[in-house]
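Enquirer: Have a look at this one before I ask anything.
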Amino acid sequence: MVARWVLAVVFLFSGFVKAADPAGMAIKLNAYLRYWGVSLPDESLWLLGGAVLIATWEFVLGVYLLLGIRRRFTVRCTLVFMLVMTLITAWIYAYNPVPDCGCFGEALKLSHGATLAKNVVLLLLAVFLQHRRWSPRRFISRRHQWVVSMYSLCYIVVLGIYAAHKLPPIDFTPYKLGVHIPTAMQGEMRTTFVYERAGEQREFDEASLPDESWTFVDAYTEVLKAPVLVDFSLSTLDQAEDMTEEVLADSGYTFLLTLPYAETADDGNTDRINDIYDYCQDTGCKFYGLTASSREAVENWKDRTGAVYPFLCSSDETIKAMVRATPGLMLLHGGRIVGKWSHNALPENLEPGALARLEREQLSAAGMSSGMRLLLYYWVPLLLVLLLDGLWVGSKYYKRYTIKKHLNQKVMRKKIVAGNWKMNLNLQEGVALAKELNAALTADKPNCDVVICTPFIHLASVAGELTEGLVGLGAENCADKASGAYTGEVSAAMVKSTGAQYVILGHSERRAYYGETEEILKEKINLALANGLKVIFCIGEVLEERESGKQNEVVKAQLEGSLFDLSVEEFSNIILAYEPVWAIGTGKTATAEQAEEMHAFIRGVIADKFGAEAAENVSILYGGSCKPGNAKEIFSKENVDGGLIGGAALKVADFKGIIDAWK
């Protein structure tokens, strides 16, 4: 549970902060590309799209982890993603190609070592969930999980597009609205003075210095708050004159147009920019272009846009952080940031006194906690959906829906008649029988799946005689080892290579004559599934166990011992076959009702372990004495999905008679 919550929270936070500032993430992605020799402008749609895509992936994955949606798929995606991210951060830690990995955007900066440690922990948590075959409580029903999926996807994509087109709704940079730049550059410090009188030393601050009777001894300065802005500076284009103090000391309003690279800046809204400059000229406000480009690039920008405003120079990193747009517009009042706009949402129709109004509007909006509003926009509707879903699940209508769903799944359950040739027929006889059966079923199509399981020597030859999709082919056994020095054994991989799709495992004869235990069968099942074979797994009790009333206990133990380590997905490739061993060759007869009773019990055991859906989908075959005369009666039972046929499978007429019981 803890692993699940930690991964979910980290992915949600990481995806959210990236979507809230895609331009910042695009800058970090571009740093990687530049290291690899690829040059793109920071405002490239490819970079912005990549940033939104990464944010979407992480956020939706976090939602899936949090609510338990598509659990196995989610854990596997998480594991693969964290493996890739851990390898990337290990490379960053070793070679230091970029100053900041960007795992949490600008919201939380970590050192390369801390990032690697964080990813290793998250990877271990993902491995833990995968190893434990994570199956936690769901917080949304399967019926409505698509609503949450689409809502989460739309929310995060729309957030990313909005932030890329305008400005980040949450500003993670040091240049937030309301920041007083001179104060942020200085930080907060306290100077303490030490004076002495009559052998006594005492400390004083600047506001309470002593009189002349005290003698100065020493002074020291403490940094109470480190400077937030350490690289803010403005100069003329030729860098001959520092303009930082002049701009920040102006008590009026000053517009700064941010153009990190004038060569690639969007010039689609330059008429509105020029209108704002004209307004500044009329009202006595200052207006500067701010760039890291050369004088030649600036002159080119002026030629393209008709700009006549003066330009100042600063570092490209500083300009990109000031406003997440190229171009962007920042408004200062007495050195304090009081407004920020993207070139796609510039202020219009400025009248006298408009700047004071803009300042109030901008600072008021910033004071309403944009982050909290964005979270509420997502979580309030989501919680409403979860509440309605909970009411739905608890209602009688849901129960009716569940019953109807299970009935539909019952209809979809595969009907199967499988023949087990056992140790009969030589190669030529086996090929002839397969040919005859294939021809009979080609002429009269069956209403169920048909499988024949043959001795090993027949498999490759018989495979060539069967029509694909008409008759399936299986083996009667496979080894519990993958390969090696095991004389006489045939591995699951070898069986698969012949063209077979099925294998019988756990047959009563193998258990009785060759001492196959649940542990051995578990190994065989795992190898068979790993090689893409469907397993017909046999279970059943002998006469002594039936007469002592232990049949349920025995069958449950067989299922638990060999199958219960499988995932739900792996179990979907299992077909069960119940063998009433006590009624085979003993003179006793198992009735259709007894078969139905055991099949229902088996399905209940499966439901308890793998869930109702898996139990409804698994085919359970009857492996007792089934003949053309009693097949229809047996197959009519609700929980009987076909038969595993022995002797009758060696004669086409008898075998087809059983197959036709499904018609």
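Enquirer: Which order do the peptides 376-387, 254-265, 328-339 take when ranked by the mean count of other beta-carbon atoms within 10 Å per residue, highest first?
Expert: 254-265, 328-339, 376-387
Enquirer: In addition: Mind checking the dipole of region 568-654: about its Cα centre, +1 per Lys or Arg Cβ, -1 per Asp or Glu Cβ, Debye to the nearest 20? Walk me through the intermediate numbers first.
Expert: Values: 7 positive and 13 negative charges, 93 e Å.
Result for region 568-654 is approximately 440 debye, rounded to the nearest 20.
Enquirer: Along the charge dipole of the chain, pointing to its positive end and built from +1/-1 on Cβ of Lys, Arg, Asp and Glu, which listed residue (433, 493, 567) has its Cα farthest out?
Expert: Among 433, 493, 567, the one farthest towards the positive end of the dipole of the chain is 433.
Enquirer: Here's a follow-up. If you average 1/r over all unlike Cα pairs in region 155-198 and invert the result, what Kirkwood radius do you get in angstrom? Mind showing how you got there, number by number?
Expert: Details: mean 1/r = 0.0685 Å⁻¹.
Hydrodynamic radius (Kirkwood, Cα only) of region 155-198 equals 14.6 Å.
Enquirer: To the nearest 10 degrees, how steeply does helix 427-443 sit against the main Cα axis of the chain, on a 0 to 90 scale?
Expert: 70
Enquirer: Let me ask something else. Mind ranking 238-245, 448-455 by how tightly packed they are, going by the mean number of other C-beta atoms within 10 angstrom, highest first? Don't jump to the answer; show the numbers that get you there.
Expert: Details: 238-245: 11.5, 448-455: 23.2.
Ranking the peptides 238-245, 448-455 by packing returns 448-455, 238-245.
Enquirer: Where a ≥ b ≥ c are the square roots of the eigenvalues of the C-alpha gyration tensor, would you call region 67-177 rounded, which needs a/c under 1.5, or, failing that, prolate if a/b is larger than b/c, or oblate? Before the final figure, lay out each step's value.
Expert: Values: a/c = 2.80, a/b = 1.15, b/c = 2.43.
Oblate shape, in that a/c is at least 1.5 and b/c is the bigger or equal ratio.
Enquirer: Return the aspartates and glutamates within reach of residue 534: Cα separation strictly under 15 angstrom, same-chain partners fewer than 8 residues apart disregarded; answer none if there are no such residues.
Expert: Residue 534 reaches 449, 476, 523, 569, 570.
Enquirer: Please express the Cα-Cα pair-distance distribution P(r) of region 1-160 as a list of whole percents, one per 5 Å bin, running from 0 to the bin with the greatest distance.
Expert: Computed distribution, short to long bins: 1, 10, 17, 20, 20, 15, 9, 5, 2, 0.
Enquirer: Could you report the chain's accessible area per residue, 1.4 Å probe, as an integer in Å²? Numbers along the way, then the final one.
Expert: On the way: 32150 Å² over 663 residues.
So the chain comes to 48 Å² accessible per residue, rounded to a whole number.
Enquirer: Based on the Cβ-Cβ distance from residue 547 to residue 356, what FRET efficiency comes out when R0 is 60 Å, to the nearest 0.05? Working shown, then result.
Expert: Details: r = 97 Å, r/R0 = 1.62.
About 0.05, to the nearest 0.05.
Enquirer: Now for a separate question. Can you tell me the relative contact order of region 463-504? Whole percent, Cα pairs under 8 Å, sequence separation 6 or more. If you can, show how the numbers build up before the last one.
Expert: Numbers: 42 pairs, mean separation 21.3, N = 42.
Relative contact order comes out at 51 percent.
Enquirer: Relative contact order for the chain using alpha-carbon pairs under 8 Å, separation at least 6, rounded to a whole percent?
Expert: Working: 1073 pairs, mean separation 61.4, N = 663.
The normalised contact order for the chain reaches 9 percent.
Enquirer: Here's something else I'd like to know. Calculate how steeply helix 370-393 sits against the longest principal axis of the alpha-carbon atoms of the chain, using the helix alpha-carbon long axis, and give the answer as 0 to 90 degrees to the nearest 10.
Expert: 20
Enquirer: Grab the DSSP H runs of the chain that are 4 residues or longer, score each as -39,500 (n - 2.57), total them, divide by all residues and round the 222 nm result to the nearest 500 deg cm²/dmol.
Expert: On the way: 26 runs with 328 residues, N = 663.
Result for the chain: -15500 deg cm²/dmol, rounded to the nearest 500.
Enquirer: Percent of alpha carbon pairs in region 235-320 separated by more than 18 Å? Walk me through the numbers before you get to the answer.
Expert: Working: 1493 of 3655 pairs.
Cα-Cα pairs in region 235-320 separated by more than 18 Å: 41 percent.
Enquirer: What figure, in Å² to the nearest 10, do you get for the accessible area of residue 77 with a 1.4 Å probe and non-protein molecules left out?
Expert: Ignoring ligands and nucleic acids, residue 77 comes out at about 20 Å².
Enquirer: Could you rank the peptides 504-511, 546-553, 114-121, 214-221 by their average count of other C-beta atoms within 10 Å per residue, with the highest value first?
Expert: 504-511, 114-121, 546-553, 214-221
Enquirer: For the chain, build the charge dipole from Cβ charges (+1 Lys, Arg; -1 Asp, Glu) around the Cα centre, then report which of 56, 339, 33 sits farthest towards its positive end.
Expert: Comparing the listed Cα positions along the dipole, 56 ranks first.
Enquirer: Turning to a different aspect of this structure: In region 470-535, if every C-alpha pair distance is counted and binned at 5 Å from zero, what percent goes to each bin?
Expert: Histogramming region 470-535 at 5 Å steps yields 4, 19, 30, 25, 16, 5, 1, 0 percent.
Enquirer: Something else about it: Filter 522/656; 18/176; 118/609; 556/632; 522/663; 588/663 down to the pairs with a C-alpha to C-alpha distance above 24 Å, please.
Expert: Pairs exceeding the cut-off: 522/656; 118/609; 556/632; 522/663; 588/663.
Enquirer: Sticking with this one: Could you point to the residue in 417, 252, 326 farthest towards the positive end of the chain's charge dipole, with +1 and -1 charges on the Cβ of Lys/Arg and Asp/Glu respectively?
Expert: 417
Enquirer: At 7 Å along the Cα-to-beta-carbon direction for both residue 46 and residue 147, put a label point, then send me their distance in nm to one decimal.
Expert: 4.1
Enquirer: Given Cβ point charges of +1 (Lys, Arg) and -1 (Asp, Glu) and nothing else, what value in debye, to the nearest 20, does the dipole of region 430-570 about its Cα centre take? Before the final figure, lay out each step's value.
Expert: Values: 12 positive and 22 negative charges, 74 e Å.
The dipole of region 430-570 has a size of about 360 debye.
Enquirer: Could I ask something else about it? Under the classification rounded if a/c is under 1.5, otherwise prolate if a/b is larger than b/c and oblate if not, where does region 143-278 fall, given a ≥ b ≥ c as square roots of the Cα gyration tensor eigenvalues?
Expert: Working: a/c = 4.18, a/b = 1.80, b/c = 2.32.
Oblate is the answer for region 143-278, as a/c is 1.5 or above yet b/c matches or exceeds a/b.
Enquirer: Dipole of the chain, Cα-centred, from +1 at each Lys and Arg C-beta and -1 at each Asp and Glu C-beta, to the nearest 20 debye?
Expert: Numbers: 65 positive and 76 negative charges, 773 e Å.
The calculation lands at about 3720 debye.
Enquirer: Could you sort 7, 123 by their accessible area in this structure, using a 1.4 Å probe and putting the largest first?
Expert: Reading off the accessible areas and sorting them downward yields 123, 7.
Enquirer: Order the following by accessible area, largest value first: 213, 235. Probe radius 1.4 Å; ligands, DNA and RNA are ignored. Kindly include the intermediate steps, with their values, before the conclusion.
Expert: On the way: 213 60, 235 20 Å².
Putting 213, 235 in descending order of accessible area: 213, 235.
Enquirer: Restricting attention to the chain, give the cysteines that have no other cysteine Cβ less than 4.7 angstrom from their Cβ.
Expert: Lone cysteines by the Cβ rule: 77, 101, 103, 154, 313, 448, 453, 478, 538, 626.
Enquirer: Multiply the residue separation of residue 242 and residue 315 by 0.36 nm, subtract the distance between their alpha-carbon atoms, and state the gained length in nm to one decimal. Present the calculation step by step, with values, prior to reporting the outcome.
Expert: Values: separation 73, 0.36 × 73 = 26.28 nm, distance 1.32 nm.
Working it through step by step, the gained length comes to 25.0 nm.
Enquirer: Can I ask one more? Using a 1.4 angstrom probe with every protein chain in place, what is the largest-first accessible-area order of 570, 544?
Expert: Working: 570 60, 544 145 Å².
Sorted by accessible area, descending: 544, 570.
Enquirer: For helix 295-305, report the angle its Cα long axis makes with the longest principal axis of the Cα atoms of the chain; keep it between 0 and 90° and round to the nearest 10°.
Expert: That helix lies at roughly 80 degrees to the long axis.
The values are calculated or read from the model by the stated rules, or taken from the named source; none is laboratory data. Since the structure is predicted, the reported quantities are computational estimates derived from the model, not experimental observations. Every residue, glycine among them, receives a Cβ derived from its backbone with ideal geometry; neighbour counts consider all protein chains shown. These accessible areas exclude ligands, DNA and RNA; they are computed on the full protein's heavy atoms, side chains included. Shrake-Rupley method; radii C 1.70, N 1.55, O 1.52, S 1.80 Å.
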